[in-house]
Structures are given as C-alpha cells and as structure tokens.
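The structure under discussion appears below in the form of structure tokens.
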Amino acid sequence: MAMATSPYTLLLKNPNLTPLKNPNFNNPISTTTNTNPRFNLAAKPVSIKCAATSQTQTPIQAPPQTQTHQDRVFNFAAGPATLPEKVLLKAQSELYNWRGSGMSVMEMSHRGKEFLSIIQKAESDLRTLLNISDDYSVLFLQGGATTQFAAIPLNLVNPNDTVDFIVTGSWSDKAFKEAQKYSKPSVIWTGKSEKYTKIPSFHDLEQNPDAKFLHICANETIHGVEYKDYPSPKNEECGAIRGHCCDHQERSDRNAQEITPVMLDYKIHADNNSLYNTPPCYGIYMCGLVFEDLLDQGGLVEVEKKNKKKAEILYNAIDGSNGFYRCPVEKSVRSLMNVPFTLEKSELEAEFIKEAAKENMVQLKGHRSVGGMRASIYNAMPLAGVEKLVAFMKDFQARNA
C-alpha cells in the first residue's frame, strides 16, 4: 500500500487487553515501505480510541480539473512515489481554503478542531483498512522507517535483551545494524550470499528461545522480495508492525530505555495522541485522503486484486522476453510492488531509461546499490501505466534484440 511518504504510522499494542494473536491485516503492500507509506506498530501499555470527527467528511470526488492527465508522467519511483490522481486533485482544491475553514491545512493549529477532525478520521479509516482492533494504538510519527530502526529496540527491550532478525535485503540489514546499538540482535537467516533474491521457509529456522522479538522486512523495496505469508514466532505475538516490517515480540509493560530521546519514546506520543509536538500535519492530511481513496475502491482486498493483475502483466513480459529482460528474484517471493529487472545487454540499460523518459515513464533506474531497472507499481500506479511500460519494453526489445 503506497501511502504518503511521510508521516509514518505507529500502532502500539495495549498489553492490558486481550492479546491479538497473529492478526491478518490483509495488506497487499506494503504498504509501504519502506518508502511509502509505512505503518509502525509497537508494544506499549496504552490505547488510543478513535474519536468521532467534528467535521463532515465527504467521499473523495475529483474537482474540476485545471489540467488533464496527459500533463502527467507515469512515475515508477520507489519513494517518494506516485499518488492517486483523485487524491491530488482533491488536495489541490482544498489547498487554499480547507472545507470552508478559511485556512489551508498547512496553516492550521495542530490542536484546533479542524486538524483534530483530520487526524481522527485518518486514524479511523486506517483502522478500518487494516482491521486494527482497539487493543492497538495508532501513532503518526516523523523520521521515516530508518528512525524506527532505533526506536523499536529502544522502546521494546533492554540493552542486554536478545532479539532475532531475518535479513532479506538492505532494509532489514540496516535495521539489524542499528539494533546492535541498543540490544543484542542475532541474525537467524540472511540472504546476502545470494544477493537477496530469496526468502527462507520460516519453519526451517532456529529461533532463539529467549528472543524478545523477531524482526522481518515484509517487502524489500530495493531487492524486490516479499513475504507472501507472515511467520508465526513460537513464543511471541504480533506486537509491532512498522512500514514494510513486521516485528513480533512479547507483550511489554516496560518503559523505553533511559537513553531514549523524547521524540523516539512511543509512550510519550501515545499519551499525547500523536500531538506531543507539531506533527507533519499536511502529510497526515494526505494520508487521510489516500485512506479514503482506498476505502472507496473497496478496501485492501479489492486493491490487492488490482495489484496482482499489474504485477502479473509486468513479470510475464519479463519472463516471456527470452532472456532479453531478467528478474533475479525467485518467483515465489517476487514483490507485487517493486519489480527489479536487468537487460541481457547491460550496455543498453541507460538507453532504455532515456527512451522511457521520453515516453513519459520516469524513475525506472534501479537503486544505486543494485543497478539495473526497477519499476515500483504501488496502489496508485494505474493499470494503464503498467500496460504502457510493457508495450515499450516489447518495442525496445524488437529494436535492440
């Protein structure tokens, strides 16, 4: 699920309520990664209830357009990434005067009734999308997924506690390295030797019986590998989901480590309903519009169907190219969101990217650490964008094979 790139959403488990064992959030993306919209959820003894909105919220309807879709490119960037056209047009229409308030969202007090209605509805819609029960609290945070690599161990464990990591790509590797500063992490599996093209069978892994949590990255946006089924740790319940990572750990009644900065302390943010300091108000507003749009489409189950169709079309084009295009990822764990591929003739890759840009398809260059190409086809990428890319790929192959 490609939401806005900022802020990040944090869900906190309330240990005083009935445990939620291995919840099925039915999230086809990943929402988002580590790039775009990423959800964060961590265990703490708090619960935030969704209050009713104080303003009438109407479904997203595209306002009169001042420009046509022909003016826009198909943006295949991993993040920041494309947003739904309806959402952008809605934000455009409300930029100057949000729903008769006489203010832009960017001008509002974060403690005023107007913004409170925005953040409360965003949380409510997110709960509906992910089927989040009341024994989890939702936080909207700044700092990106990388900040949470430190915040999670700082909030959930003591410095000498053991934690388990499955390293399937760059992001889970970075999370492990950051956790070394604040805990005793152990890598129980890594795909580095195979260039992060596989995901292990969870049942074959030996977990540390004393581990306080297990960290995985559900969708590695750089290498394009994705868990199709989430693991069920032996002695743990699902206590934290952050972005493209699902962190499982024992319920915790403890406070954050003493060295934890105020702005990384989950309890402080939870106690203040994500309003301890001025939050990224416009980012939260945009998240809310994206949540509304996803609900209007029928929720994540329906969106996942669309995403599977897009991914199938693109992967079929790669696999059916007789080796002209190649995807290194094992087929069973290929990401629905981030599709890395290379050309058999690597010297043509720069020309491929250049010609695609002339056809209004941009940001197809692979991550600098991997190279090649990468097409990120998040929720907001229309089917037409994938179809145009595939048509271009076939034409490019015909001219250069």
Under-5 Å amide H pairs with L139, H placed in peptide plane, nonlocal only: L10, L11, L12
Sequence-distant residues sharing a close amide H with H223 (under 5 Å, placed H): S170
Sorted by chain and number, the residues with a modelled amide H under 5 Å from that of N338, at a separation of 5 or more or across chains, are I377
Ignoring ligands, DNA and RNA, please state the percent of accessible area on the stretch 300-400 from carbon and sulfur, probe 1.4 Å. 48
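Accessible area per residue, 1.4 Å probe, Å², for the stretch 300-400: what's the number?
47
If you take the Cα atoms of the stretch 300-400, find Rg, then find the Kirkwood Rh from the mean of 1/r over all pairs, what is Rg/Rh?
Numbers: Rg = 12.9 Å, Rh = 13.8 Å.
My calculation of the ratio gives 0.94.
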So which GluC sites (Glu not before Pro) in the stretch 276-363 pass both tests, a DSSP loop state and at most 16 other Cβ atoms within 10 Å of the Cβ? E330, E344, E359
Considering only the other residues whose Cβ falls under 11 Å of the Cβ of P84, what net charge follows from Lys and Arg at +1 and Asp and Glu at -1? -2
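The values are calculated or read from the model by the stated rules, or taken from the named source; none is laboratory data. Note that the coordinates shown come from a computational prediction; the quantities given were computed from them, not determined experimentally. Backbone-built Cβ (ideal geometry, glycine too); neighbour counts: all protein chains shown. Please note that ligands, DNA and RNA were not included when accessible areas were found on the heavy atoms of the full protein model with its side chains. Shrake-Rupley method; radii C 1.70, N 1.55, O 1.52, S 1.80 Å.
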